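Before any comments, here is the structure.
The values are calculated or read from the model by the stated rules, or taken from the named source; none is laboratory data. In this text, all values refer to a predicted model and were calculated from it rather than measured experimentally. Glycine gets a Cβ as well: all are built from the backbone with ideal geometry, and neighbour counts include every protein chain shown.
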Amino acid sequence: MMTRTNLLVAMIALIATTDWTTAAEPVASGQHAASIRQGPQPLKGASHGVGKLIPDASLTDISGNVHRLGEIVAKHRATVIAMTSTSCPLSKKYLPTLEELSKNAGDDVAWMIVNPIATDKANDMNAAAARFGEHVVYGHDSEGEFAARIGALTTTDVIVVDSHRTVVYHGAVDDQYGFGYSLEAPRRRYLADALAAIETNVSPLISATVAPGCALASKSNQHASSDLTYHNRISRIVQQNCVECHREGGVAPFSLTTYEDVDAHAGMIEQVVQRDIMPPWFAANSESADRDALSPWVNDCSLAEVDKRDLLAWLAGPMPEGDQRDAPQVREFPSDWQIGQPDAVYQFAEPQSVKATGVMPYKYVDVQTDLSEDKWVQAIEVQPGNRSVVHHVLVFVQGVGQEHSERDGFWGIYVPGNSSLIYPDGFAKRIPKNAKLLFQMHYTPNGTATTDETRIGLVFAKEPPQHEVKVTGIFNDKIKIPAGADNHPEVAKLPIPADARVLGFLPHMHLRGKAARYELIRDNETTTLLDVPRYDFNWQLLYRYRDPLQLHAGDTIQFTSWYDNSEKNPANPDPTRDVGWGPQTYDEMQVGYVEYYLPGVTPGDAADRKALKGERADRGNRSAVMLRRLDVNRDGVITKSEVRQRMPQNENAAGSIFDRLDTDQNGELTQAELEKL
């Protein structure tokens, strides 16, 4: 005969086998904004210049020698004209590939490596040119005339012509790198295949592709007149929105602090501004929101509509420099720590190796602190030792005897353009005595093998805070993304057990992540808090509220994420397999980080240590888990209809067990009754 305790165990077993990942309503195809990720897409050759006669042009190499394209082409079976740049990240990644291909292609293939960026430094170009053999021409097309004449569009564009100056191939080197993704190895080697086809006197199977790279300005667009000049308007827009990253010593790959800088990168600036990729901000405005209205997010760095309009208008015209006397005051930046001199600095004990090419899984690096007591930290700054290869960093705090879990939330963070967490007086984060700092490092190889020694600086609060800043993760470790699915939704929820105020959100997925949304469920009504229709793994952004969001006991935050596990996602490691939870980028995660504090609770109190936890964080309290999952209307009791509603696939068994547990036959089970069992 089954005891009541066994009945409870049976009910728990039914709960455990129930799919709690309630699927969100699928978003119709095209409802999400276009993906930030871009890989080489095949094009119709004729529409991309294939089969046409390429104009003759001259190129001066970095030693000052002039080379005529027509003369080179006439002497070789094929000539490869490859665009490059020492300041474009994608160009730098492709340099080893071009080096290898040029060495192995044979004497009947000529190579011209063309740098059309005016402000690229001579030392950098000399170093790049030294990687190639003497048979390779490396030229600096500082005015962009050679690139414009042959029809090059980006800094990764490749044009292959035969001995009669007919274009045979125009497109990407391969598909290993693109906007928003990197692969361990290319799947399609477009340039190598084109050269192999030419050697056997056949046409390449794919003769043209898009070549994701830094866009080159079209000379034909530089003819419109405008009252806007660089010094009287554009320099201020760029200074306000760009130079924090795009400056000497900044995290961006090239500087935009001068007119020459902006002019040299005008094509790329125009492209990323039109696509709303730069400045990097991916939160959607509400339907009624004015782009120029005050944002609810204090760190909203999106361009105001008037700035976007004026910048694009100037870029579309002749881009006059104007009178330098109209220029703004030069903006200055801290040379060392943005948070001021830290009270404590912790650095990697040993340099971490970063390979030259491909992709790298996360590296986890432990750093032991020497704190003799618990400390309150008011400012945190993460400084990569080698910014060129550090994509992002999440830092987790582990007390003595503790292990890291994604649900515990990040403690420190670094993403391009955001390396510090600075809290106002009265707010701080806690770090325990003798704590260990766990650095989750995402390295992105840039074409040269190197090392990194990241460090973190802490500024301690002068007195105990009024509020302890905490982070928790809304997560679902039971995700299952079907192979080939291009818009698969997953949902996780965070019931709010006590009044709390949210400071910010940080959605986290991996390479298949497509979109994310935080919603507040209150009194059976759902309100969107944060909508990210174009999630980009390469920008782990923290969306920080201007005014903290007030939550009440009984509220629920719902975190929905969508995934593209199809071949249409160029970053997808393997579209042929179902994908579940895992720590590496070829697996997936669904974590909706929430930064918050509990008003009215003294930091350090036992009640405060309970904090906010997702459903999977309190499995030890089985009765609380059962009540939370089965109490549909949140009235504190479970009814048979609620059990059947929550577990439709086990409806009969659940109802039978409920009847036998409900000994007083009042049709309700309370948490107190469950605890007695």
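Tabulated data for the structure shown
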item	result
Qualifying residue in segment 158-166 (condition: surrounded by fewer than 24 Cβ atoms within 10 Å (Cβ to Cβ), of a type in the set (D, E) and closer than 25 Å to A356 by Cα)	no
Total residues in segment 535-551, condition closer than 24 Å to Y443 by Cβ and touching a Lys or Arg at 6+ places or on another chain (Cβ under 9 Å)	4
Flag for T229 being at pLDDT 90 or above, touching a Lys or Arg at 6+ places or on another chain (Cβ under 8 Å) and over 24 Å from K93 (Cα atoms)	no
Qualifying position, being at pLDDT 90 or above and in contact with an Asp or Glu (Cβ under 8 Å, 6 or more places away or on another chain), among F396, F333	F396
Selection count, segment 352-392, where residues are farther than 28 Å from D175 by Cβ, within 22 Å of the chain's Cα centre (by Cα) and exposed (fewer than 15 other Cβ atoms within 10 Å of the Cβ)	1
Tally, over segment 157-196, of residues that are touching a residue at least 60 places away in the same chain (Cβ under 8 Å) and in a helix (DSSP H, G or I)	4
Any hit, segment 511-528, residues being at pLDDT 95 or above, over 30 Å from P445 (Cβ atoms) and either surrounded by 22 or more Cβ atoms within 10 Å (Cβ to Cβ) or in the same structural domain as M441 (by TED's automatic domain parsing) (or both)	yes
Among residues of segment 550-568, those that are under 25 Å from the mean Cα position of the chain (by Cα) and either closer than 17 Å to Y423 by Cα or of a type in the set (V, I, T) (or both), counted	2
Q398 vs. criteria outside the structural domain of P96 (by TED's automatic domain parsing), surrounded by 14 or more Cβ atoms within 10 Å (Cβ to Cβ) and among the polar types (S, T, N, Q)	yes
Checking K103 against (1) touching a residue at least 24 places away in the same chain (Cβ under 8 Å); (2) within 33 Å of the chain's Cα centre (by Cα); (3) in a helix (DSSP H, G or I), the condition it does not meet	(2)
All positions within segment 546-584 that are hydrophobic (A, V, I, L, M, F, W, C), surrounded by 14 or more Cβ atoms within 10 Å (Cβ to Cβ) and either outside the structural domain of A483 (by TED's automatic domain parsing) or in contact with an Asp or Glu (Cβ under 9 Å, 6 or more places away or on another chain) (or both)	L551, I557, F559, W562, A571, V579, W581
Residues satisfying the stated conditions in segment 335-378, i.e. assigned to a loop (DSSP other than H, G, I, E, B), assigned by TED's automatic domain parsing to the domain that holds L394 and hydrophobic (A, V, I, L, M, F, W, C)	F348, A349, A356, V359, M360, L371
Test: residue in segment 79-91 that is at pLDDT below 95, outside any loop (DSSP other than H, G, I, E, B) and surrounded by fewer than 23 Cβ atoms within 10 Å (Cβ to Cβ)	yes
Within segment 314-334, considering residues that are in a helix (DSSP H, G or I) and among the hydrophobic types (A, V, I, L, M, F, W, C), the one surrounded by the fewest Cβ atoms within 10 Å (Cβ to Cβ)	A316
When residues of segment 243-262 are limited to those that are at pLDDT 90 or above and among the hydrophobic types (A, V, I, L, M, F, W, C), the one farthest from the chain's Cα centre (by Cα)	V262
